[in-house]
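The values are calculated or read from the model by the stated rules, or taken from the named source; none is laboratory data. Keep in mind it's a predicted model, so treat the numbers as computed, not measured. Cβ placement follows ideal geometry from the backbone for every residue including glycine, while neighbour counts extend to all protein chains displayed.
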Amino acid sequence: MVKYIIPLLILLSACSTSINVDMPSRDLIDEGLVLYNDSDYELAAEAFESAILNSDTPQEAQYAQQMLGEAYYADENYVEAIAAFEAYYDYYYEDSKNIPLILYKLGLSYASLSLHPKRDQTFAARAVDCFDQLESMYPETFNELGANEERKKMLEKLAEGEYQVGRYYIRQGQYDSALARFNFLLENYPDSPRYKDTLESIKEIDDARH
């Protein structure tokens, strides 16, 4: 008889943590907030997603959409967080006071997905785009959130990526391609820690050609 106790407890536990997706949207939001505050982000996201589908008012749908992104972000599920925040931005761009925060969280989400400088830097570039847009549209919020520091990290990663590709081209003897990368770095990332190294690499190419 003992061997049946654990499976039964597991089944009861699973039932106790499921979301009643047919609840009114306000109840689903409240349930999602409780789960979010308890760090049960995956189940919180399920509650917020159901609240969006069952929303009784545009305001409830808007709030649930924002919290869906927050739940995914807290759960470090950055791909889904980006999808949720971008949906919020697209739907509520014209009438939401939370757009600055959404742009910031989008930037952070892309930054969290960014790869090592020797690999593709698409996510780092997208993070910079979000931070640039935040600064352009909401400069005060940009400063209040400390977004410049986050942008600086991504710019350094982008510059490092250009430098590493340039060094690769040097090793391959493709000097024109290397120069294109180095000149791009000098023009677009003048504050990069690699600035001096880039100048030295350009001199190295010049010496190799003479």
(message) Would you confirm, using the coordinates I've provided, whether Ala180 is surrounded by 19 or more Cβ atoms within 10 Å (Cβ to Cβ), among the hydrophobic types (A, V, I, L, M, F, W, C) and in a helix (DSSP H, G or I)?
(response) no
(request) Could you tell me whether the range 193-200 includes any residue that is surrounded by 14 or more Cβ atoms within 10 Å (Cβ to Cβ), more than 22 Å from Ile82 (Cα to Cα) and not charged (D, E, K, R)? (result) yes
(request) State all residues of the range 55-70 that are part of a helix (DSSP H, G or I), among the charged types (D, E, K, R) and touching a helix residue (DSSP H, G or I) at 6+ places or on another chain (Cβ under 6 Å); if no residue qualifies, say none. (result) Glu60
(request) Of the numbered conditions (1) buried (at least 17 other Cβ atoms within 10 Å of the Cβ); (2) touching a Leu at 6+ places or on another chain (Cβ under 9 Å); (3) of a type in the set (Asp, Glu), Glu86 fails exactly one; give the number of that condition. (result) (1)
(request) Sort out which residues of the range 178-191 are within 25 Å of Asp129 (Cβ to Cβ) and either touching a Lys or Arg at 6+ places or on another chain (Cβ under 8 Å) or not basic (Lys, Arg) (or both), and write them in order of number. (result) Ala180, Phe182, Asn183, Phe184, Leu185, Leu186, Glu187, Asn188, Tyr189, Pro190, Asp191
(request) Output the qualifying pairs, or none if there are none: Cβ atoms under 9 angstrom, residues six or more apart or on different chains, first residue in the range 72-86 and farther than 16 Å from Ser114 by Cβ, second residue surrounded by fewer than 17 Cβ atoms within 10 Å (Cβ to Cβ) and of a type in the set (A, V, I, L, M). (result) Tyr72/Val79; Tyr72/Ala83
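Yes/no per residue for (1) without any contact (Cβ under 8 Å) to a residue 12 or more places away in the chain; (2) of a type in the set (A, V, I, L, M, F, W, C):
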| residue | (1), (2) |
| --- | --- |
| Ala147 | no, yes |
| Glu150 | no, no |
| Glu162 | no, no |
| Tyr169 | no, no |
| Arg181 | no, no |
| Glu187 | yes, no |
| Ser192 | no, no |
| Leu199 | no, yes |
| Glu204 | no, no |
(message) I need the full set of residues from the range 183-210 which are among the basic types (Lys, Arg) and not in a helix (DSSP H, G or I), in order please.
(response) Arg194
(request) Tell me which residues, restricted to the range 17-41, are in a loop (DSSP other than H, G, I, E, B) and either modelled with pLDDT of 90 or more or touching a Cys at 6+ places or on another chain (Cβ under 8 Å) (or both). (result) Met23, Pro24, Asp38, Ser39, Asp40
(message) Out of everything in the range 100-123 that is among the hydroxyl-bearing types (Ser, Thr, Tyr) and surrounded by fewer than 22 Cβ atoms within 10 Å (Cβ to Cβ), what residue ends up being farthest from the chain's Cα centre (by Cα)?
(response) Thr122
